[in-house]
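**Student:** Take a look at this one; I'll ask things after.
The values are calculated or read from the model by the stated rules, or taken from the named source; none is laboratory data. Computed from a predicted model, the values in this text were never measured in an experiment. We place every Cβ from the backbone using ideal geometry, glycine too, and count neighbours over all the protein chains shown.
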Amino acid sequence: MFAFAMRPALSWYRVRRLRSVGVSAAPNAVRQVLENTRQRLGLRQSVQLLQSALVETAVVVGYFRPVILLP
């Protein structure tokens, strides 16, 4: 039962690690495309865009402060 109770905590730790370890700023061209898309959709809040060494495909992480992680 303890292992099942620890699952959410371990998942939270893994997601937090994805956002902080092995990340760098995405290229300016990709960030500009994201900004143009945000404006066309009329979104007020911008989304952070990072490149990560830990992901193999594009991943969106976070609900209140979303981050798009690109490989």
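**Student:** Which numbered condition in (1) touching a strand residue (DSSP E or B) at 6+ places or on another chain (Cβ under 8 Å); (2) modelled with pLDDT of 90 or more; (3) of a type in the set (A, V, I, L, M, F, W, C) is the only one that Leu10 fails?
**Tutor:** Of the numbered conditions (1) touching a strand residue (DSSP E or B) at 6+ places or on another chain (Cβ under 8 Å); (2) modelled with pLDDT of 90 or more; (3) of a type in the set (A, V, I, L, M, F, W, C), the odd one out for Leu10 is (1).
**Student:** When region 14-49 is examined, which residues are found to be surrounded by 10 or more Cβ atoms within 10 Å (Cβ to Cβ), basic (Lys, Arg) and over 13 Å from the mean Cα position of the chain (by Cα)?
**Tutor:** Correct list: Arg31, Arg38.
**Student:** Something else about it: Check every one of the strands (runs of 3 or more DSSP E) wholly within region 9-71 and list those with 1 or more residues that are of a type in the set (S, T, N, Q).
**Tutor:** 23-25, 48-52
**Student:** Also: Kindly check whether there is at least one residue in region 54-62 that is surrounded by fewer than 12 Cβ atoms within 10 Å (Cβ to Cβ), touching a Gly at 6+ places or on another chain (Cβ under 8 Å) and of a type in the set (A, V, I, L, M).
**Tutor:** No, region 54-62 has no match at all.
**Student:** Can you pull out every residue in region 57-71 that is free of Cβ contacts under 8 Å to residues at least 24 places away in the same chain and within 8 Å of the chain's Cα centre (by Cα)?
**Tutor:** Listed by number, the residues that qualify are Val60, Pro66.
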